[in-house]
Amino acid sequence: MQKYLTTAIICLIIFFSNVDGAAQPLKRSCADFSAKGTPVVRRVIYDGNDQPYNVLCVYQGVDVYTMIESFNKTNSLDANIAASFSVDNPVNQDVADNKAFPIDLYRLSKDRMKYLADRSTFIWSSCDVITNPNNTFNPLSVGTDYIISSLNADSRKLLFDTAFVHNGINNCMTVRGMLFGEYFDDKSIPFYSKSNVHFHSSIDESTDLCGKHNFNFITNPVDSAQCGVRDYPPNAPASVNVFGSYNKCTSQFACAKNDNSITTWWLGAPMPGTS
């Protein structure tokens, strides 16, 4: 009798230790969740200080992405957004459980970004458009422009450790994606940022720098200025900027199509057990 009682007690201890979740590791990114549910889902994850916060997750096949930043075209020059990822400029990062995500103006702290980057293998930027007042949007919908790059030592440094990224041998990043509705694969293109200029690429410079990739787009200076939010920095050259700083741009690029067009940046990795 005592033998059976002891066995029952042990089983109860194991049961309740599993129920209370004490042995379960904290979820640190969207990639820690194996059940995908809907393509876009809201999750609670924990930062490096074990503080919980709400995030948006997107599932693309076996890869899962955590949103680190989101802004509309008008807010691309907002003081909290117009800065390199190496600058600590969080805005609206602690979203209440009962509030919609402020995807028109959202950015995680540098510490949270780098903590997620240490657990990620990809970085992805995409153009999404708000489709209803509840901030529902459809990443990678047909015709939406986007880029994806693998995270390695060089790209991590370019993204998170260097405020000033400009013409030179160290501002190239290899990406694949879609631009102006045309898919391209593994092209090395130049990126730029400053302490007061968001990380972005320029179509014009891409023709002559890095992999010298021609996107078959000729910038019209008048259209570039009209598309731009404002001339900042002052007297900036006419160009077409993509995935970031829209002081000069083209409405043919999905992220700059109108004032409410959304640019998002994500860090991702394969789901558990799929890599």
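Computed values, structure above
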item: Qualifying positions in the stretch 29-63 - among the hydrophobic types (A, V, I, L, M, F, W, C) and either closer than 19 Å to LEU105 by Cα or crowded, with 16+ Cβ neighbours inside 10 Å (or both); result: CYS30, ALA31, PHE33, VAL40, VAL41, ILE45, VAL55, LEU56, CYS57, VAL58
item: Any pair with Cβ under 7 angstrom, 6 or more apart, that starts in the stretch 193-209 at a residue that is free of Cβ contacts under 8 Å to residues at least 24 places away in the same chain and ends at one that is buried (at least 19 other Cβ atoms within 10 Å of the Cβ) and among the β-branched types (Val, Ile, Thr); result: SER206/ILE189
item: Flag for THR66 being in contact with a helix residue (DSSP H, G or I) (Cβ under 7 Å, 6 or more places away or on another chain) and either within 18 Å of THR263 (Cα to Cα) or surrounded by fewer than 20 Cβ atoms within 10 Å (Cβ to Cβ) (or both); result: yes
item: Neighbours by Cβ (under 6 Å, 6+ apart or cross-chain): first from the stretch 81-92, at positive phi and surrounded by fewer than 22 Cβ atoms within 10 Å (Cβ to Cβ); second of a type outside the set (Val, Ile, Thr) and in a loop (DSSP other than H, G, I, E, B); result: ASN92/PRO102
item: Exclusive hit being assigned to a helix (DSSP H, G or I) and closer than 27 Å to ASN247 by Cα, set SER76, SER86, SER70, SER125; result: SER76
item: Residues of the stretch 193-213 classified as surrounded by 20 or more Cβ atoms within 10 Å (Cβ to Cβ) and touching a helix residue (DSSP H, G or I) at 6+ places or on another chain (Cβ under 8 Å), total; result: 2
item: Test for GLY228: is it under 26 Å from ILE103 (Cβ atoms) and either at pLDDT 90 or above or surrounded by fewer than 14 Cβ atoms within 10 Å (Cβ to Cβ) (or both); result: no
item: Identity of the residue in the stretch 242-255, more than 13 Å from HIS198 (Cβ to Cβ) and either among the small types (Gly, Ala, Ser) or not in a loop (DSSP other than H, G, I, E, B) (or both), that ends up nearest to the chain's Cα centre (by Cα); result: ALA254
item: The stretch 60-76 - residue that is aliphatic (A, V, I, L, M) and over 19 Å from PHE160 (Cα atoms) and, of those, nearest to the chain's Cα centre (by Cα); result: VAL64
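The values are calculated or read from the model by the stated rules, or taken from the named source; none is laboratory data. On a predicted model such as this, the values are computed, not experimentally measured, just so you know. Here the Cβ is made from the backbone with ideal geometry for all residues, glycine too, and neighbour counts use every protein chain on show.
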